[in-house]
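Structure, as structure tokens:
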């Protein structure tokens, strides 16, 4: 990830700014403002603004006149209770605003999270930069067989190199055509000239989202089933959230990320197993796929 | 509007807090933080937090690395262009968080604006205070005849006094019953005991909304057709917005509040009138109601 | 619940209507259209319209040109997979439209579900009917001690009768005042006269919501922690959903209602218990409250 | 636009289906169900389902027990009143579900309308078809000078042919690479292989939206400032809306499409002009750009 001198100067000026405020502040997050967190080869996420804190969540939940916080232990307990029991509205009282740069195909997954505000650079107004995502060799992998939407082992170094060469060749040619179409020869409208550009081209946007919806984004996009390229961004954002609202992030890690949902039938199987009763897929009411997942999760002993 | 000593102390502590921040700040708004703006007899609106500024709007619209602002005149022009042409997303980049206290019937109109975050005090958890809205005598008015949802001239002082007496009597009796049901005699569940309380009882909440949706709220609730009791709150919030984002508020005043929408047919009538052609309701394609509104708005001369 | 002759005639006319359509239909739901399901003493829920079916969910998930359904077993598997793994968008492809009548305090809980469309009768336009919710004697209960927002055992028949008498007296008086204020003596504006009416007065609305958000509503409002008076409505709506999308409703019952969420620490405790290792609250990382809940759910044997 | 035999058979089967329903139906729309409306070279929009009608809008606005409609003239008046005065909730009571196929760059503009439900084919699950948008020669145009986001006159036939050749060459090469990466040589994961494909590749989705939000989509995307390629889709959808809710569509055409918004200052200028007073840009408070627009719209006579 490289910034132009102009971009770097603008960024430095932002970081140099300082003012006093009566608003809640989070020192650990102030430290991280504006500085890009690199993601993939040319992308980044950087914090532009934030509203609220762990204290703002308990303050809203208590509709209080002052800070609303009590002892840390009570605040922590309240936040865990709210998160666990889907009392989601107090978490909406916090907002994060980010400047992000990512490949178009990542952007297309990202916007499926609709409860957020967004301003993207427009390829109708502006000429897009020549920046394409090219995976690191170890991230170039074959189609997974048992997971129709995932990838499995990496290609050999030779094959990866060949794949990268093909991607580079096509991307370069597409961008050359783009420049030629925009140039004096044709003077083609930007909104038309860009149609040839591939979805690994980088785009960028300002993105603002409340904490409740951000946690939902993180849960789905930090998940092992999410595509690696968007997971990189979710992981970077998660480090900001951990600094911003540490109590909430801890609860999120315990309940939403590290936790596991049990269906009615799965809970019954575990109860039987704990009581020493025999269990089997046939009598469980579970599909074979669900059964295997449960057995693996809890290292269940099954006869036969 | 009166605060308890405890509430006032909490509020003072909030105002005394100060920290440095790298985030955008608006000095005029910092000054107004936490202090209640009284509304009606016991209600208020007070600013708890804000995110963004006029500069943040242009920064997002330009997806820039730094402040994104250019000369004030250019920023003003961009904001007016965005607002006029319904490019609403940059205005979503600003957020306002308020603590509000209002009668239940006002709260019921307020929540029709769904794109906002809300934490209200719960009558299942807490015992509600004995605070009822009683209109000022001059606001007690008869049903309007030509406006099925409005009010017309005020009652006589004697009649107003009698209305207030009736309202006070009923409210007091309802609250006495509430206290009795909650007391030792019955120990009734709070969620049941409250069902007797009238909709002029005060409730309160934390409310967070982005600037785009807030302007929509203001346009509808500052309008002469909105009920007076919610207009009071909208007007108070508008004074905060004017301090917070002056360029946006100016554009909003010109385009959304002071402006007027012309239908296809109305525009044609004006074009004819300006060209000196005869105009009439019969040939205009307008209903009599629309016609009268247009004639009054532009002081049109109509033959006959 | 009683309808006027006029209301009943309008309802009968709706039921008598029949037309042919190419749209997906659900026979079991057609049978239930327009007929009110009584809720509480004067309330109801009745089906006005619906869009989609279980088949529409799989069709959307597969973005198919035709019905998109395969064998029932595959469709059932897909629906369970989607619901379990929070692939929520296909469930948004179904819509339900209801006409509902409920006490104002229930309506106030109901609107907290913001992702829905709503048209409520206006007390500014119309004079409200004299219908107040009065609980059945067995539903009049004392405040729960260990659950700050709930109720516990019922009052004695004598006490219940007294409570009802108080509620009736106040409601009647409030309505008499309402009528007097609206009458010739004052001619008070409707928007003012209604401020005296208690929150157990009935209101009504049209409500439209997609299936994803409806399931969320049901999960929260059918829950034992929801207030009884809104649970009655949620339970009635659930019977419609069971007829409408039986495969989805089955999955919802297994995963969302009958299921249980395990935090990271809780899952670890179960793993230890299943492996025969000793478990204890002290080493579990759980709060005492969480620990007791887990032990009770799985009938865990704890030493000491 | 061509369908495979299998797709056509599925579509025919959908059209052959018929059932009786008690729900509101719109005969003119039933006739158009499932049949694709071709858009651009390979795209389409086709109606999958609908909920509601003009009558459903007035029924919801009146919260009625029966059809809720009165005489057509009254219904028309109510719908026009609601639309003009931004009483938007009754329009949310109608829903349209479409199956759409469009180039990725059009899809990217389309999703900016967030209040809609969406299921798109996944390039992680499925291999994408070899279908690229290539503009018709007359739609290949140069960059507009005075409109940074638009296009101006068409290229010469010779130049257009050359542009098309370049686009075809790059698209073909990209798709060849895609196939090669997916093939036996590499067996690359689909989620990676697709990153090379350009944004003129066609994608498809199911899209469901309520009428209020659909009208907003149409107003913005039928506008002359919208990119031609998305306008084609908006225009096609508009023909469905005209058949579905003719009274609403008429009001929309009068108020939202054919109408014009006047700012406070613009209204004042018109009032002066109608009163025979002199008008000028200097005294108007308008920018030169606003002034010129106003003068042109109303054919104003300006001295000097």
Original post:
Hey, what did the range D:137-196 get for relative contact order, percent, Cα under 8 Å, at least 6 apart?
Top reply: 22 percent
Original post:
To the nearest 0.05, what FRET efficiency results for residue A:41 and residue A:73 with a Förster distance of 56 Å applied to their C-beta separation?
Top reply: 0.80
Original post:
What gaps in nm, shortest first, separate residue A:17 from its twins in the other copies when you place the label 7 Å past Cα toward the beta carbon?
Top reply: 2.2, 5.5, 5.6
Original post:
How much length is gained on full extension from residue B:250 to residue B:115, taking 0.36 nm per residue of separation minus their Cα-Cα distance?
Top reply: 46.3 nm
Original post:
Can you give the three extents of the C-alpha atoms in the protein assembly as shown along their principal axes, from longest to shortest, in whole Å?
Top reply: 98, 87, 68
Original post:
Based on the Cα gyration tensor of the range B:38-95, what are the three equivalent ellipsoid semi-axes, each the root of five times an eigenvalue, rounded to whole Å and given largest first?
Top reply: 28, 14, 11
**OP:** Considering only C:46, C:108, C:264, give the residue with the highest GNM mean-square fluctuation for chain C, with springs between Cα atoms whenever their separation is below 10 Å.
**Re:** C:264
Original post:
Which of these, B:261, B:44, B:249, has the largest mean-square fluctuation under a Gaussian network model of chain B (Cα springs below 10 Å)?
Top reply: B:261
Original post:
For residue B:179, which inter-copy label distances result when the label point lies 7 Å beyond Cα on the Cα-to-Cβ vector, reported in nm to one decimal and in ascending order?
Top reply: 3.0, 8.2, 8.5
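Note down the relative contact order for the range D:211-304 as a percent, whole number, built from C-alpha pairs under 8 angstrom at least six residues apart.
16 percent
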Original post:
How long is the gain from residue D:3 to residue D:235 if the chain were fully straight, where each residue apart is worth 0.36 nm and the alpha carbon distance is subtracted?
Top reply: 81.3 nm
Original post:
Rg/Rh for the range D:161-304: what does it come to with C-alpha atoms and Rh from Kirkwood?
Top reply: 1.22
**OP:** Please tell me the relative contact order of chain C in percent, rounded to the nearest whole number, where contacts are Cα pairs under 8 Å and at least six residues apart.
**Re:** 21 percent
Original post:
Using helices alone, what [θ] at 222 nm do you get for the protein assembly as shown, with -39,500 (n - 2.57) per DSSP H run of 4 or more residues, divided over all residues and rounded to the nearest 500?
Top reply: -13000 deg cm²/dmol
**OP:** List the distances, in nm and shortest first, from the label point of residue A:164 to the matching label points in every other copy, placing each point 7 Å from Cα along the Cα-to-Cβ direction.
**Re:** 4.0, 8.1, 8.2
Original post:
For residue D:84 and residue B:275, what does the FRET efficiency come to when R0 = 25 Å and r is the distance between their Cβ atoms, rounded to the nearest 0.05?
Top reply: 0.45
**OP:** Using only the alpha carbons, work out the radius of gyration and Dmax of the range A:137-196 in angstrom.
**Re:** 17.1, 51
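Any idea what diffusion coefficient chain B gets from Stokes-Einstein, in µm²/s, Kirkwood Rh on alpha carbon pairs, 20 °C, 1.002 mPa s?
On the way: Rh = 22.9 Å.
Reported coefficient: 94 µm²/s.
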**OP:** Can you tell me the FRET efficiency between residue B:126 and residue A:158 if r is taken as the Cβ-Cβ distance and R0 is 60 Å, rounded to the nearest 0.05?
**Re:** 0.30
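Could you rank the peptides A:79-87, B:89-97 by their average count of other C-beta atoms within 10 Å per residue, with the highest value first? Mind showing how you got there, number by number?
Working: A:79-87: 17.4, B:89-97: 25.4.
Final packing ranking: B:89-97, A:79-87.
FYI, it's all coordinate maths here, none of it is from the lab. A quick note: this is a predicted structure, and the numbers were derived from the prediction, not measured. Please note: Cβ atoms are built from the backbone with ideal geometry, for glycine as well, and neighbour counts cover all protein chains shown.
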